[in-house]
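Take a look at this one; I'll ask things after.
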Amino acid sequence: MRCNDEAEIFNAARVSLGALGIITKVRLQAQPLYKLKRRTWIAPIEEMLEQVPDLEAKNRNFEFYYIPYSGMALGIVNNETDEPETPTPVNEDDDGLRELKMLEDWLGWAPSLRRWAIQKALGGRPAEERVDYSHKTLSTERGVRFNEMEYHLPREAGPAALREIIDTIEKNNVKVFFPIEFRTTAPDDIWLSPFYGRKSCSIAVHQFHEWDYHPYFAAIEPIYRKHEGRPHWGKLNTLTAKDFADLYPRWKEFLAVRAELDPESKFLNPYLKTVFGA
């Protein structure tokens, strides 16, 4: 079957979670190699949140990371450029995470002191720029393992939701050191895409792999749901078929295509049975 000859099947197959059958051949439209100029800087979280509309409108890619218990965020923008490549910097992300874990281990009992220490370390850090090909600037090596939950919310709900998340963490002294990721995404028309039909912002929380993630994620997930968030399909969440039916306007159409292509549910594993209510 050539699914692009069938509009309904093609719309379902573009995000199908492996539930429609086996895809044996894919044709992609590529574009020439291009370079990006990446700029990173440190700013107070409220300043960063106030600038979100401007930053996402004026840049090809925009995201930032909030460092728990610091009041500070690391902003990142990428834009296409013809400038020559700059030397590849040493990846210090993992070292930074280990230092944040050390502060949690030493000062987790004293949030205000921890905040002072992080701000002292970040204070005066200059903005940095890097030029390289897109596959290098957009990819990140993650050497410190973690569990992750990410939801995609309506764009206008993002700042308020993040403020609630930060407030929940810091008022309850939640045990965490991984930064919280905030990024913006354009809408699309793919039935089961979390970005279907709306401009979105994505907020991701991470927990160190040796620590129990359940208490942290259980405290944050209701905030995502309050703001009509759709979970990242490849990351942790507790939603079931009824929840997804409420979140995706084309859910019934997808289920109809799925029933037609896989009437005996041979392609559903135990998790997908909860997703589709099979």
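The values are calculated or read from the model by the stated rules, or taken from the named source; none is laboratory data. Source: prediction; values computed, not measured. Here the Cβ is made from the backbone with ideal geometry for all residues, glycine too, and neighbour counts use every protein chain on show. All accessible areas refer to the heavy atoms of the entire protein, side chains included, with ligands and DNA or RNA removed. Shrake-Rupley method; radii C 1.70, N 1.55, O 1.52, S 1.80 Å.
For the stretch 43-94, name all the residues that are open to solvent by 80 Å² or more (accessible area, probe 1.4 Å) and of a type outside the set (D, E, K, R).
Scanning the stretch 43-94 gives PRO53, PRO84, PRO87, THR88, VAL90.
Pairs please, first residue from the stretch 126-154 and on the phi < 0 side of the Ramachandran plot, second anywhere and part of a helix (DSSP H, G or I) and surrounded by 15 or more Cβ atoms within 10 Å (Cβ to Cβ), Cβ atoms under 6 Å, 6+ apart in sequence or on different chains.
Within 6 Å, the pairs are VAL144/LEU97; MET149/PHE217; TYR151/TYR224; LEU153/ALA161.
Here is a yes/no grid of residues against (1) among the aromatic types (Phe, Trp, Tyr); (2) free of Cβ contacts under 8 Å to residues at least 12 places away in the same chain:
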residue: TYR69; (1), (2): yes, no
residue: ILE76; (1), (2): no, no
residue: THR86; (1), (2): no, no
residue: ASN91; (1), (2): no, no
residue: MET102; (1), (2): no, yes
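Taking GLU181 as meeting all but one of (1) of a type in the set (Asp, Glu); (2) touching a helix residue (DSSP H, G or I) at 6+ places or on another chain (Cβ under 9 Å); (3) surrounded by 15 or more Cβ atoms within 10 Å (Cβ to Cβ), write down the number of the exception.
The one condition GLU181 does not meet is (2).
Output the residues belonging to the stretch 123-144 that are buried (at least 17 other Cβ atoms within 10 Å of the Cβ) and part of a helix (DSSP H, G or I).
SER134, THR137
While we're here: Name the single residue, out of those in the stretch 52-91 being β-branched (Val, Ile, Thr) and touching a Pro at 6+ places or on another chain (Cβ under 8 Å), that is nearest to ARG125 (Cα to Cα).
Once the filter is applied, the top-ranked residue is ILE67.
May I ask you to list the residues in the stretch 260-278 that are free of Cβ contacts under 8 Å to residues at least 24 places away in the same chain, part of a helix (DSSP H, G or I) and more than 17 Å from LYS242 (Cα to Cα)?
GLU260
A further question on this structure: All but one of (1) surrounded by 14 or more Cβ atoms within 10 Å (Cβ to Cβ); (2) not in a loop (DSSP other than H, G, I, E, B); (3) not aromatic (Phe, Trp, Tyr) hold for ARG98, so report the exception by its number.
Unmet for ARG98, out of (1) surrounded by 14 or more Cβ atoms within 10 Å (Cβ to Cβ); (2) not in a loop (DSSP other than H, G, I, E, B); (3) not aromatic (Phe, Trp, Tyr): (1).
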